[in-house]
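For reference, the structure is listed below as C-alpha cells.
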Amino acid sequence: MRQKVHSRYLIYFISAFAAITGLLFGYDTGVISGALLFIRQDFHLSSAMVGVTVSSVLLGALLGSAMSGKMTDKMGRHKSLVIVSFVFIIGTLITAIAASNQQLIIGRIILGMAIGTGSFVAPLYLAEMAPPKARGFLVTLNQLAITLGIVAAYVVDYVFSGQGEWRWMFGCGVVPALLLFIGTVFLPESPRWLVLKGFSAEAAAVLETIRPTAAEANQELLDIQQSITEKKPSWRLLFSKAIRPVFYMSLGLSFFQQVTGINAVIYYAPTILQQAGFGKATTAILATLAIGIFNVVFTVIALPLIDCWGRRPLLFMGLTGMFFSLIAQSIAFYFPHLECLRWVTMGSMIIYIACFAMSLGPMMWLLISEIFPLEVRGLGISIAVSVCWAFNMLVALTLMSLIDFCGVSGLFLLYAAFCLLGIVCVYYFVPETKGCSLEQIENNIHAGKQLRELGVSLK
C-alpha cells in the first residue's frame, strides 16, 4: 500500500516538472499579445513587420520541432528536456535586452526552438511515463500548464502595461525557465526509450519506482519489449500500409488545431478587443486576462473528463461550441456600429476559449502522443508537431493581412467553416483511446485495424 501511494505521488511530481515546459510554451507565446502594443510603437513597425515579429517564435518552433525527433531518439527524453530548459533561458534573456526589432526577432526564434522542441518532448515523455488509466489526465497537465503560462503572460502584460515596459514582460519568463532547468536534472528517463535502446534493467528500475506493484512494473516491461520490432525508424515506415492512416490522422489534428481560430485569440486578442470597443491598451489587456482565466478553468474541468468521457465526445462538444461562438463573433463584427459589439465579442471569445480548452487544445497533443508505434513514435510526433507549428506560423503571419482583406467578420466566418469540417473528420477518422495502453494501440495498428477501431478499452 505504501509503495502504491509513493508511486502515485512520484508520477505526479515527475509530470508536474515536465509540464513546466508547457508553462513556458504558454508564457512565451502569450506574452507577445500585450507587449506588441508597445513594441509596435517603439520600433515603428508596419503591419507586415508585426506579423514577422509575432510569427518569428513560430519559425523557431518549426525548426525546433523538426529537429526534436532525432534528438530525443538519440539522446533520450530526459536529456532533451534539460537542453530545452537551457535554451529557454538564453532566448528569454535575448528578448529582454533586445536593442532593435532584429535582435528581438532573433531572441524569439531561439525561444521558438525551445518551444517547438518542448512541445514535442513533454507530451511524449508524459505519455510514456503515465499508467494507461491516467494517461489522458497526466498528458493534459502539459496543456493545463500552457494555459497557466498564457494567464501568467497576460497578468505580467497588465502589470507592466501602465509604463509600457515590454522588456520586463519578456524578462519575467526567466523564472520558470530556471525552475525547469533545476527540476529536469532530477527526472528519470522514459522506460520505453530505455528498452528501445537496449537498457532493459534500467527501464525495470524506473518502472518499479513509478508503478504501484512490482508485478505491474514487470508486466509493463514485458509488454514494451514485445512491442518493439526489428525495424528502424524511417520515413518509409511512416508510410507503410499499417501506419500511414495514423500518420495522416496526426497531421489532420495538427491542421485543425491551428486553422480554427486559436491564434486570433492568443496572439491578437487585445488588438481585436480594441477594435471591438475596448479602447485603452490596459483595458484590452485586462479583458484578455479574463479570457485566459477561462482557458485555465475549462482545461481543469477537462482533466478528469478525458479519461472518463473519452477523447471523441469532448472533441465533438468542443468543436460544436467553437463553431457557434465564431459565428456569433462574425455577426457582431459585421454590424460594427452596434453598442453591444464589445460584449458580444468578449462573451463569444470566452465561449470559444472554453470549448477549445476542453477539446482541440489538449486533445491534439494527447492523441498524437498515443497513436504512434514505439519504433516511429519520436519521428511521427516530431513531424506532426512540425506541421502544427508550420500552420501556426502561417496563420499568425497572415492574420493581420486577412483582416485587412476580408475584415474581422470574414476571418471568423472562415474559422467557423474549418470547425465544421473538423467535426466531420473527427467522426470518420479519430479513434477513442480512453483506457487503452500504448502497446494495445500499437498491436491494433500492426493488426491492420481501421482508425476508428484502434482504441480497445481495458477490461
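On a 0 to 90° scale, report how tilted helix 244-259 is relative to the longest principal axis of the chain, with both axes built from alpha carbons and the result rounded to the nearest 10. Long axis of 244-259 versus the principal axis of the chain: about 20 degrees.
Specify whether the C-alpha gyration tensor of the stretch 371-446 places it in the rounded, prolate or oblate class, a ≥ b ≥ c being the square roots of the eigenvalues: rounded for a/c under 1.5, otherwise prolate if a/b is larger than b/c and oblate if not. Taking the square roots of the gyration eigenvalues as a ≥ b ≥ c, the stretch 371-446 is oblate.
Over all pairs of different C-alpha atoms in the stretch 24-171, the reciprocal of the mean inverse distance, the Kirkwood hydrodynamic radius, equals 15.8 Å.
The long axis of helix 374-429 is offset from the longest Cα principal axis of the chain by roughly 10 degrees.
How many angstrom lie between the Cα centre of the stretch 346-362 and the Cα centre of the stretch 81-140? Between the Cα centre of the stretch 346-362 and that of the stretch 81-140, the gap is 23 Å.
Alpha-carbon geometry of the stretch 301-459: the Rg and the Dmax are 18.3, 59 Å, given in that order. Angle check, please: helix 311-334 long axis (alpha carbons) against the longest principal axis of the chain (alpha carbons), in degrees 0 to 90, nearest 10. Once rounded, one gets 10 degrees.
Taking R0 as 60 Å, what FRET efficiency do you get between Leu10 and Arg236 from their Cβ-Cβ distance, rounded to the nearest 0.05? Using R0 = 60 Å, I get an efficiency of 0.95. The Kirkwood radius of the chain, taken over pairs of alpha-carbon atoms, gives through the Stokes-Einstein law at 37 °C and 0.692 mPa s a diffusion coefficient of 148 µm² s⁻¹.
No lab work stands behind these numbers, since they all come straight from the coordinates. Keep in mind it's a predicted model, so treat the numbers as computed, not measured. Reconstructed Cβ throughout: ideal geometry from the backbone, glycine too, with neighbour counts over all protein chains shown.
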